[in-house]
Every structure is written in structure tokens, then in C-alpha cells.
Amino acid sequence: MKGVPHYLGNGTLYTGPTHKTNGQLMTGAKHTSTSKNLTHTKPTSKPKVKEMKAMKSAVKVKPKMKAMKSAVKVKTKPKMKSMKSSY
């Protein structure tokens, strides 16, 4: 669209020449190997950064073996001593 700002994937405003390849708006007057995709909306953040943060927080949650072992322990009743008396 003409008159609408164009943004690179990292959120940088792009004001140079544009072209379309397979319906995708791209940088440069004609297609080259260095052409980049453009959008009309400014990205709020990089998806990869969010994914990495989610992965890091998931890695930090490590179960403690002592807590797991105590939760798994089965308490047994003490064995009853025989009722025989030794008179």
C-alpha cells in the first residue's frame, strides 16, 4: 500500500524502494538475494526472544530429588511382636 509505513522483521521503519515477489512486499526496487520481507504493522517483539525466555524458565524448574524421594516413601506399620509370653 502506498502511504502506509513499512517495517522490517526487527521493527525498523523502512523508507526505501519496494517490490512484490509472489504477493509478498519486499525491500529493493527489484528482487535480489538480499531482499527482505516487509510488513505494514510494527512488530511488538521478536518471537524467538519470547520462545527463548520460555525455554529458559522451563529449564530453571528442576525437581529436587530429596522432595521426590520423601513423597514416594511408603510408610509401613511396625511389625507386631508375637503375643507369646515366655513364662
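Residue by residue, here is whether (1) modelled with pLDDT of 95 or more; (2) among the small types (Gly, Ala, Ser); (3) more than 27 Å from LYS2 (Cα to Cα) holds:
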{"site": "GLY16", "(1), (2), (3)": "no, yes, no"}
{"site": "MET26", "(1), (2), (3)": "no, no, no"}
{"site": "LYS42", "(1), (2), (3)": "no, no, no"}
{"site": "PRO47", "(1), (2), (3)": "no, no, yes"}
{"site": "ALA54", "(1), (2), (3)": "no, yes, yes"}
{"site": "SER57", "(1), (2), (3)": "no, yes, yes"}
{"site": "LYS66", "(1), (2), (3)": "no, no, yes"}
Any idea how many residues of the stretch 15-40 are out of contact with any Lys or Arg (no Cβ under 8 Å at 6 or more places or on another chain) and either part of a strand (DSSP E or B) or of a type in the set (D, E, K, R) (or both)?
-> 9
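The values are calculated or read from the model by the stated rules, or taken from the named source; none is laboratory data. These figures come from a predicted structure and were not determined experimentally. Positions of Cβ are generated from backbone atoms using ideal geometry, with glycine treated the same way; all protein chains shown enter the neighbour counts.
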